[in-house]
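To start, the structure under review is shown below, and the notes come after it.
The values are calculated or read from the model by the stated rules, or taken from the named source; none is laboratory data. In this text the structure is predicted, and so the values were computed from the model without any measurement. So basically every Cβ, Gly included, is an ideal-geometry build from the backbone, and we count neighbours across all protein chains shown.
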Amino acid sequence: MKSVKTRAIILRRGFLAALLFILAIPFCFAKGKTDAAASPGKTVISFDQFSGSGDNEVYLKQMIDLYTRANPNVEIKLQSYGYDDYFMQLTAKIAAGQAADVFELNYENFVAYAGRGSLLPLDNIITQAGINTAVYNQKALEAFSANGRQFGVPNSFSNVVLFYNKELFDRAGIAYPTDNWTWADAQAAAKKIRALGPNIFGYFHPLSFTEFYKTAVQNGGSLLSQDGKQWTINTPSNIETVTYLVGLQRDSNVMPTPEQLAGMGDWDLFKSGRLGMLVNGIWAFPDFTRDCDFAWDIVVEPGNKQKATHFFSNGYAINPNSTIPVEAAKFIAFISSDRQAAQIRVDSGWELPPVIDNAIIASYKTKTPPSNREAVFKSLDYLVTPPVITQFTQLQDIVAKHLNEAAAGRVTPAEALANMEAECKRVIDLSK
């Protein structure tokens with residue numbers, strides 16, 4: 001996944017897929033059906049997933065091999081999908097009663113599937129299988145619970161930090177960012193870096209749904225009341241937040257406009273050496289380590305009234321119709337929390353393993369770049385989650401539409417938020 005903005009787009013696609021699953025069933029099974037025939041004498045566990053697709057599949061297979069070597073009577077039938085296709089495939093299989101024994105979900109989609117009865121409650125099975133849930137990061141574990149019951153275990157989690165190009169800071173004569181920086185600090189540095197040349201930019205902080213709900217919290221705002229029953233979109237603090245985000249591009253131009261980007265993505269701009277600072281996820285570490293020919297590092301993302309950063313997590317759930325739920329539970333517990341499996345994830349740079357293990361954490365912190373990996377763990381103190389509701393797709397679309405209007409200058413930030421809240425009230429039923 002290449003950026004926070006990309007992650008927001010594919011979340012929306014996942015929810016849209018859930019709405020369209022009936023039409024998609026014939027296509028999905030023609031494309032994605034897995035042969036689940038087991039070798040003689042072996043228990044077969046079918047396993048569908050997305051986060052270990054592409055370059056990461058080799059590491060996932062290493063984890064699976066660890067498990068099957070320790071459990072030679074088990075065979076894992078792995079089916080990988082790209083994220084863009086995954087939820088269409090998953091929802092179609094669930095509708096047809098042919099879901100895999102084990103399948104992956106992200107936090108944002110989890111609530112919708114749990115609410116439809118598509119996930120097996122794991123509390124009794126965890127006890128029966130002797131699984132120790134105390135080894136997990138508790139925030140990541142709780143992300144896959146609902147109504148007091150556990151429906152999955154986390155396999156990874158990640159957050160967002162501020163990346164910075166040391167060479168551009170040196171050229172501009174600016175001290176490097178610290179974990180205590182504020183919006184004002186970042187803006188001041190961004191303007192000095194922008195002054196280095198017409199094709200050099202100071203800051204990239206996207207104006208998107210994902211960034212808005214997080215940045216609103218940094219300024220003391222929110223999208224929903226704490227009880228989730230009232231909209232809190234159109235407030236002075238949120239107007240200030242959108243004004244700040246829009247201004248990075250339209251006023252100071254420390255962030256490039258779409259025209260100035262000319263089709264280049266935020267990662268590519270940073271890797272080209274023409275961007276001073278980038279708000280993005282720790283999943284960028286492997287790419288930047290490979291492709292950046294300049295010194296770079298990270299700090300905790302700047303805040304305003306307070307700090308806040310994203311919480312992203314993926315987890316494994318079990319099909320309620322699986323005939324081997326205990327075996328499936330043992331498998332997902334192993335590849336998500338076993339020390340050797342966690343070490344594979346750390347060595348590959350594939351987000352954070354969801355375990356509380358001092359040796360694993362120490363190993364992660366010693367890998368460079370970035371040098372300041374401690375910022376990843378400091379950021380965990382400021383995690384915020386999106387307002388996950390039943391009509392999450394509609395919320396994302398409404399927010400994005402009105403933010404785009406503000407970014408284009410067709411409406412003011414105040415008008416955008418007034419229109420946004422009015423449409424949310426009209427379209428979304430918070431009582432569901």
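Here is a yes/no grid of residues against (1) among the aliphatic types (A, V, I, L, M); (2) outside the structural domain of residue 391 (by TED's automatic domain parsing); (3) at pLDDT 95 or above; (4) within 21 Å of the chain's Cα centre (by Cα):
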{"position": "50", "(1), (2), (3), (4)": "no, yes, yes, yes"}
{"position": "75", "(1), (2), (3), (4)": "no, yes, yes, no"}
{"position": "98", "(1), (2), (3), (4)": "no, yes, yes, no"}
{"position": "101", "(1), (2), (3), (4)": "no, yes, yes, no"}
{"position": "113", "(1), (2), (3), (4)": "no, yes, no, yes"}
What number goes with the only condition from (1) surrounded by fewer than 19 Cβ atoms within 10 Å (Cβ to Cβ); (2) of a type in the set (A, V, I, L, M); (3) closer than 20 Å to residue 103 by Cα; (4) free of Cβ contacts under 8 Å to residues at least 40 places away in the same chain that residue 342 does not pass? (1)
Suppose we keep only residues that are assigned to a helix (DSSP H, G or I), touching a strand residue (DSSP E or B) at 6+ places or on another chain (Cβ under 9 Å) and basic (Lys, Arg) within segment 54-98. Which one would you say is surrounded by the fewest Cβ atoms within 10 Å (Cβ to Cβ)? 61
(1) touching a residue at least 60 places away in the same chain (Cβ under 8 Å); (2) within 23 Å of residue 382 (Cβ to Cβ) all hold for residue 246 apart from (2)
If we scan segment 194-212, do we find a residue that is over 25 Å from the mean Cα position of the chain (by Cα) and part of a helix (DSSP H, G or I)? yes
Under 7 Å by Cβ, and 6 or more places apart or on different chains, what pairs join a residue from segment 369-395 that is basic (Lys, Arg) with one that is at pLDDT 95 or above and surrounded by fewer than 18 Cβ atoms within 10 Å (Cβ to Cβ)? 378/179
